[in-house]
2 protein chains.
Amino acid sequence: MDRLTLHEDPVSGNCYKIRLTAAHLGLPLERKLYDIRKGETRTPAYLSTVNANGRVPVLQVGERYLPESNAAIFYLAKGSALIPADRWDEADMLRWMFWEQYNHEPNIATLRFWLAYVGRDNLSDAQHAQIDSKRAGGEAALKLMDEHLTHRQWFVGNSFSLADIALYAYTHVCEEGGAFDLTGYPRVQGWLARVAGLAGHIRIDS
Amino acid sequence: MDRLTLHEDPVSGNCYKIRLTAAHLGLPLERKLYDIRKGETRTPAYLSTVNANGRVPVLQVGERYLPESNAAIFYLAKGSALIPADRWDEADMLRWMFWEQYNHEPNIATLRFWLAYVGRDNLSDAQHAQIDSKRAGGEAALKLMDEHLTHRQWFVGNSFSLADIALYAYTHVCEEGGAFDLTGYPRVQGWLARVAGLAGHIRIDS
């Protein structure tokens, strides 16, 4: 495989997904750091070369650039046990990854970022007005995850997959800044411990 | 393949993606209709059997249920020319599909639904307060698409793929209710015409 470079902000769970996937696969990954709070992913150079959408993460493979965290981990894991070989299970894995980006990340990741990294006093009026709906949406996502895990060890089939990595990234830090409280979600807590206990696991701050 | 049933609301672009993919693949699809404005996807029966997340579309395959439109079209198209065989192109296709659900749909689909189907007078205060940001986000998405299409016929590689289907679904109806105006996006307009001109194409109201 061509040389792999991750364009990232280390506090981003979306970026961590890619480092965690690479760690499980034993793939070396160079890191290029940006601070999204300082606008470092909105510069003309970044927009013209790395990602016209002005976001991290972007996985660079040789001279090509792949934005979107869940697309990047799919690229890295193609052909490995992190993507189920069964047609239904592969689609069901993608189902959880699309759900993560639509129902989970915009609520859980955003509220954690606002409260733990931007700071409540620095939020705009529009952001303040959305705190309650973000919290309600995040709680609904955690409840759905907890119920899904009632008789399951992993999100898809009987093995650890990219669905678990995608959902772990922001779930395991959702209590930062008091954004969420996992006390009421014991099955989610058990699953978080299983993920963190796997051989090959790395922490978000590693 | 087991019998395919689409649980859907006919006005939803996310549901249309699945009908359009099935049409291109020549797959028969039974349709079970719900009105999301009447809460028909939030009934206890729906939540316990079809989708705990209370949304459409859901693709039913035999006795199994697959939510998330982009996961469902991936399942249907697996092994077909609608998913590039090349590893990079397949991941790049998923990149556009994740981008669609994160940056495109929450702005373009939501504002079109509010203005054309709920009606401006029926919106809540919280919804009214988001109209400007949804419009700005949608315009940014259309601009990014237009620039990407500068030297391209299709979103990924040199052929029509699921990325085009996922992006076509809400882009082609984005002017409904005055939500957006495609006048300033000529390359998007050209691409919409190419998609609609393909053999096997069906309309959203078919």
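For the reader, a short list of remarks on this structure follows.
- Dividing the mean sequence gap of close Cα pairs (under 8 Å, 6+ apart) by how many residues region B:79-140 holds gives a relative contact order of 36 percent.
- Working ranking of peptides B:30-42, A:118-130, A:166-178 by packing, defined as the average number of other Cβ atoms within 10 Å per residue, highest first, is A:166-178, B:30-42, A:118-130.
- Hull volume per residue, based on the alpha-carbon atoms of region B:29-135 and their convex hull, is 136 Å³.
- Estimated [θ] at 222 nm from DSSP helical runs (n ≥ 4, -39500 (n - 2.57)) normalised by residues in chain A, nearest 500: -12500 deg cm²/dmol
- Bridges between two residues of the protein assembly as shown, per DSSP, are antiparallel at a rate of about 65%.
- Rel. contact order, % - alpha carbon contacts under 8 angstrom, at least six apart, region B:111-203: 36 percent
- In order along region A:152-158, the Karplus-derived 3J(HN,Hα) couplings, from 6.51 cos²θ - 1.76 cosθ + 1.60 at θ = phi - 60°, round to 10, 8, 10, 5, 10, x, 10 Hz, and Gly and Pro are given as x.
- Interface B-A: total buried accessible area of about 3400 Å², 1.4 Å probe, protein heavy atoms only.
- Size of electric dipole in chain A: Cβ of Lys, Arg +1 and of Asp, Glu -1, about Cα centre, debye, nearest 20: 280 debye
- Peptide A:93-106 is shielded by partner chain Cβ atoms: per residue, an average of 6 of them sit within 10 Å of its Cβ.
- Protein heavy-atom surface of the protein assembly as shown, 1.4 angstrom probe: 48% of the accessible area is carbon and sulfur, with nucleic acids and ligands not counted.
- Stokes-Einstein diffusion of region B:87-196 at 10 °C, 1.306 mPa s viscosity, Kirkwood radius from Cα pairs, rounded to a whole number: 111 µm²/s.
- Karplus-derived 3J(HN,Hα), 6.51/-1.76/1.60, for each residue of region B:183-192, Hz, glycine and proline x: 3, x, 10, x, 6, 5, 4, x, 5, 4
- Put a dot 7 Å past the Cα of B:Ile131, heading toward its Cβ, do the same for A:Lys38, and the two dots end up 4.0 nm apart.
- Kirkwood estimate for the protein assembly as shown, i.e. one over the average of 1/r between Cα atoms, Å: 21.9 Å
- Values of log10 I(q)/I(0), in the order q = 0.12, 0.16, 0.17, 0.28 Å⁻¹, for region A:4-77 under a Debye, Cα-only, solvent-free model: -0.27, -0.48, -0.55, -1.42
- Cut-off under 5 Å, modelled amide H: who pairs with A:Arg31 long-range: A:Leu6
- Rounded to 5, percent antiparallel among DSSP beta bridges of region A:4-77: 65 percent
- DSSP beta bridge pairing in chain B, given as percent antiparallel to the nearest 5: 65 percent
- Three principal axis lengths of chain B [C-alpha, angstrom, descending]: 48, 46, 28
- The B:Thr150 and B:Ser206 beta-carbon pair, evaluated with R₀ = 35 Å, returns a calculated FRET efficiency of approximately 0.65.
- Pairs spanning more than 27 Å between alpha-carbon atoms, out of A:Lys38/B:Lys17; A:Lys143/B:Lys38; B:Lys38/B:Lys78; A:Lys134/B:Lys78: A:Lys38/B:Lys17; B:Lys38/B:Lys78; A:Lys134/B:Lys78.
- Shielding of B:70-77 by partner chains, average beta-carbon count, 10 Å: 5
- Relative contact order computed over chain A (Cα-Cα under 8 Å; 6+ residues apart), in percent: 24 percent
- Residue-by-residue Karplus 3J(HN,Hα) for region B:60-74, coefficients 6.51, -1.76, 1.60, Hz, glycine and proline x: 9, 10, x, 9, 10, 10, 10, x, 6, 3, 6, 6, 5, 6, 5
The values are calculated or read from the model by the stated rules, or taken from the named source; none is laboratory data. As the structure is a prediction and not an experimental result, all values here were calculated from the model. No Cβ is skipped: glycine too gets one built from the backbone with ideal geometry, and neighbour counts run over all protein chains shown. Heads up: the accessible areas ignore ligands, DNA and RNA and are worked out on the full protein's heavy atoms, side chains in. Shrake-Rupley method; radii C 1.70, N 1.55, O 1.52, S 1.80 Å.
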